[in-house]
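A.B. asks: For reference, the structure I am asking about is given below.
No lab work stands behind these numbers, since they all come straight from the coordinates. All values derive from a computational prediction rather than experimental measurement. Neighbour counts run over all protein chains shown; Cβ positions are idealised from the backbone, glycine included.
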Protein chains: 2
Amino acid sequence: MSDRVVVALDVGGTGMKCALVRPDGVAVRTERHPTDAARGPAAVVDTILDVAQGLIAKARADGLTPVAIGIAVPGVVDEARGVAVWSANVGFRDVPLRDLAVTRLGLPTALGHDVRVGGLAEARLGAGRGADHVLFVAIGTGIAAAHVVDGVAGVGAHGAAGEIGHIMVRPDGPRCGCGRPGCLEAVASAAAIGRRYGELAGDGRGDAASSAQGPEQSPGAAVTAAVVAERAAAGEPLAVQVWQEAVDALADGLATGQALFDVSTIVLGGGLAQAGDGLLGPLRAALHERMTFHREPRLVAAALGDEAGCLGAALLALDAAGVRATDAARVPDHQEER
Amino acid sequence: MSDRVVVALDVGGTGMKCALVRPDGVAVRTERHPTDAARGPAAVVDTILDVAQGLIAKARADGLTPVAIGIAVPGVVDEARGVAVWSANVGFRDVPLRDLAVTRLGLPTALGHDVRVGGLAEARLGAGRGADHVLFVAIGTGIAAAHVVDGVAGVGAHGAAGEIGHIMVRPDGPRCGCGRPGCLEAVASAAAIGRRYGELAGDGRGDAASSAQGPEQSPGAAVTAAVVAERAAAGEPLAVQVWQEAVDALADGLATGQALFDVSTIVLGGGLAQAGDGLLGPLRAALHERMTFHREPRLVAAALGDEAGCLGAALLALDAAGVRATDAARVPDHQEER
C-alpha cells in the first residue's frame, strides 16, 4: 500500500493549489489552476471536481492509488457537514462540496477551512511540529487563526472558529469590513497597514490602498505593508509609527489568544509574516510585555509558505481515509533518503 | 455496581464544598469545611486529604464503594500532571495534589481547575446541556471561562486556558491586578463595578470597594455590584451608566470569545450572573449588536449555582475511574423516580 496518495486542493479567490500527496506528506505532483470566481459558484464547483478528477486519473496512470480527497476553501466552512457555508472570495453560499465530490468522484472526501487546514499543516509538519498546543495566525489582506490541539484544529459549532481578525482591540479604531469598529483586522492586517500609511501620509493613497488587490507597485500606487515594513526598517518616522501601531495591535490580539487558548507555540503565517524579523522581533517584545501570569508562548514564523493550505487539505484527506500520516512526514530531512 | 460513588472536593480560598456523588450526578452526601488558607499550603493539603479520607470512610460505612476522587482548585492547574501550579487564594505553588491523594488514599484521583470543572458541569448537566460547544463564563470578584467541546474542557498547554478576564478590552482602561491596563476583569468584574461606582460617586468608596472581600453591606461601606444592579434597575443615572459600561465591556469580551471559539451556547455563572435578567437582557442586546457574520450564541444563566465546581470535580473523578456518567445525570427529573 505504499502507492497510496490523496488528492488535495486549496481553493482561493484567485487560484487553486492542487497536489497528489503521499502519506509521508510528500507531494508527488503539484498543479495550479485559476479559480475564476467571476463565473459563479456552479462553474467553480465544476472546475474543482474536474481538477480533482484529472488528478485521480493522473495518479492511476502513474500506478498510484488515490484513496481520498481533501478540499480547503476560505470563509465559513462546516467541516462536519462538508458544506462551504459562506465564502465571499469564491462566491460560495451553502455549497455541499463534500457530497458533490463523493457523488461524482466516488472517494472519501473531507472539506476544510483554508486557514484551519493551513494551521493543521504547520502544527503537524511545519513550524509547530512537536508542540501539542499551537495557534496559527495568518496575516494577509485579512487575519484569521487556527487553534490546533494534538493535531486537530478547532472548528466551532458552526464552522466559524478562529476569527481572531474580528476581535475588538481598539474601541475607537477604524471600522472593519465586517461593520464593527476596531477589529484587529482593521488595524493590523497587511491591507490596514498600507491604508493607514496612506492616510497619515495625507496624499489620498489610503483610498487606493484599501482597494488594492495585488502586491504590484507602480509609481503613485498605494504603499503596501511590505514597503511600510522596509521603510520602517530604514527608520522612516511615519513608517516606524504605522508599523509599531500594527505590532502593538497584533500583540494585543495574540495576548488575547494566549489568555484564552494557552498554547505553547504561536505560528505566524500569511503575507505579513514574510517581513520576518522585522515583524517577529518587535512582536515578540510587545507580546512579552503583555504576558503577566501567563506562560509566554514561542512565537515563530510559518515554515510551509503558501503550500500549507494544500498540505493541510491532504492531511484532512488522509484522516478521512483513515491513513495515518507516516513519521517521515514529520521529518522532512528524511525525504532526501527515499 | 450501582453503589459506586466518587469523592468530590471544590477547594476555594474560604471554604471547601465536598460531596459523595453517584454516577447519575446525584450527591448522596454533601459537606462544607473551612479552607483556612492562612495556615499555609501544607496544612491545607492535609485538610483536603483528611476530608477526602473522611468521606471515603463514610461512604464505606453506608455500603457504598468510592471509586475515585476529584479535586477542583483555583488558579493555574496542570490537569495532565495533576499539579496545582499557582493558586493565590489557597496559597498553592506547584503542589502535586493528585499524587499526594493517590499515595495517601489509594484511589484514582483527578485534579481540575475550579472554573473549568464548573464549566464541565454546566455543559454536561446544567444550562449548556445538549450543546456540543459551550463557553462558560464565571463573573465574580474575577472573570474566567471554560471552553467545553463534547463534554471536555480545554486546559491549554500549561493549565492556564480560559483566562477571559485578562483579555484587553479597554486600552485606556483601569489597570488590572495582573499589571496590564484594560483587562475585562478590571472593567466588568463584580469588584470592578463596585469600584467604578464608588469612584464616580466621588466619595472615596472606590478604595473601600477594591479591598472589600465579602458581600457584607454596612452603612458607609462600599457599594457592591449587586447594589449597583439594583440601583440601575431602579433608574439611578450613575448606576445605569456604570452598569452599561460593564455590560458593554462584557459584550466585547464575549464577542471576542465567540469569534475565537464559535460556540452555540454561552453560560454565565458567578455572582454577577445572579443579577439575572438585569444582566442577561442588556448583555444579549449588546452581544447581538456585535455579531456581524458570526452565528449568535444562545446566552443563558448558569443552572447549578455554587454546586457546579463540586459536581464538575465529581465528573472528573468519574472520567478518571472510567465510569460513564449515566443518562439519569442528564435528566434530573428522573431523580424523583428513583
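A.B. asks: Which percent, to the nearest 5, of DSSP beta bridges fully inside the range B:131-301 are antiparallel?
C.D. replies: 55
A.B. asks: Using Cβ contacts closer than 10 Å as the measure, can you line up B:Arg324, B:Arg298, B:Arg22 from fewest to most?
C.D. replies: By the 10 Å Cβ count, ascending: B:Arg324, B:Arg298, B:Arg22.
A.B. asks: Continuing with this model, one more query. On a 0 to 90 degree scale, rounded to 10, what angle separates helix A:190-201 from the longest Cα axis of chain A?
C.D. replies: On a 0 to 90 degree scale, this one is about 20.
A.B. asks: Compute the helix-to-body angle for A:277-290: its Cα long axis versus the longest principal axis of chain A, expressed 0 to 90° and rounded to tens.
C.D. replies: The helix A:277-290 is inclined about 70 degrees to chain A.
A.B. asks: Just to be sure I understand: of the beta bridges DSSP finds with both ends in the protein assembly as shown, what percent are antiparallel, rounded to 5?
C.D. replies: Around 60 percent of the beta bridges assigned by DSSP in the protein assembly as shown are antiparallel ones.
A.B. asks: Can you classify the protein assembly as shown as rounded, prolate or oblate using the Cα gyration tensor, where a ≥ b ≥ c are the square roots of its eigenvalues, rounded means a/c under 1.5, and otherwise it's prolate if a/b beats b/c and oblate if not?
C.D. replies: oblate
A.B. asks: Now for a different question. Taking the number of other C-beta atoms within 10 Å as the exposure measure, put A:Thr292, B:Thr265 in order starting with the fewest.
C.D. replies: A:Thr292, B:Thr265
A.B. asks: Under 5 Å between amide H atoms, partner at least 5 residues away or on a different chain: which partners does A:Arg29 have, H built in plane at 1.01 Å?
C.D. replies: Those lying under 5 Å, H to H, from A:Arg29 are A:Leu20.
A.B. asks: Go ahead and estimate [θ] at 222 nm for chain A from helices alone: -39,500 (n - 2.57) per DSSP H run with n ≥ 4, summed, over the residue count, rounded to 500.
C.D. replies: -11500 deg cm²/dmol
A.B. asks: Another question about this same structure. What are the distances, in nm and sorted shortest first, from the label point of B:Pro237 to the label points of the same position in each other copy, with each label point placed 7 Å from Cα along the Cα-to-Cβ direction?
C.D. replies: 4.4
A.B. asks: Could you give the length gained on full extension between B:Arg324 and B:Glu31, defined as 0.36 nm per residue of separation minus the Cα-Cα distance, in nm?
C.D. replies: So the extension gain works out to 103.1 nm.
A.B. asks: Scan around B:Gly270 for amide H atoms under 5 Å from its own, H built in the peptide plane at 1.01 Å from N, and keep only partners 5 or more places away or cross-chain.
C.D. replies: Residues meeting the amide H criterion: B:Ile139.
A.B. asks: Which order do B:Asp319, B:Asp150 fall in if you start with the one that has the fewest other Cβ atoms within 10 Å?
C.D. replies: With the fewest neighbours first, B:Asp319, B:Asp150 line up as B:Asp150, B:Asp319.
A.B. asks: Still on this model: How far apart, in nm, are the 7 Å Cα→Cβ label points at A:Ala201 and B:Lys58?
C.D. replies: Result for the modelled spin labels: 7.4 nm.
A.B. asks: At a Cα cut-off below 24 Å, give the lysines reachable from B:Lys17, other chains included and same-chain residues fewer than 8 away excluded.
C.D. replies: Straight-line reach from B:Lys17, under 24 Å: B:Lys58.
A.B. asks: Which angle from 0 to 90°, rounded to the nearest 10, does the C-alpha axis of helix B:41-61 make with the longest principal axis of chain B?
C.D. replies: For helix B:41-61, the angle is close to 50 degrees.
A.B. asks: Decide, for the range A:132-301, between rounded, prolate and oblate: order the square roots of the alpha carbon gyration tensor eigenvalues as a ≥ b ≥ c, take rounded if a/c falls under 1.5, and otherwise choose prolate if a/b is larger than b/c, else oblate.
C.D. replies: Prolate shape, in that a/c is at least 1.5 and a/b is the bigger ratio.
A.B. asks: Same structure again: At what distance in angstrom do the alpha carbon centres of the range A:2-73 and the range B:132-208 lie from each other?
C.D. replies: 46
A.B. asks: Also, I was wondering about something else. Sticking with the crude label model, points 7 Å out along Cα→Cβ, report the distance from B:Glu289 to B:Thr103 in nm, one decimal please.
C.D. replies: 5.5
A.B. asks: OK, next. Just to check I understand the Karplus step: with θ = phi - 60° and J = 6.51 cos²θ - 1.76 cosθ + 1.60, what whole-Hz values come out for the range B:160-177, glycine and proline as x?
C.D. replies: 3J(HN,Hα) across the range B:160-177, in whole Hz: 10, 5, x, 7, 5, x, 10, 8, 7, 10, 9, x, 9, x, x, 6, 7, x.
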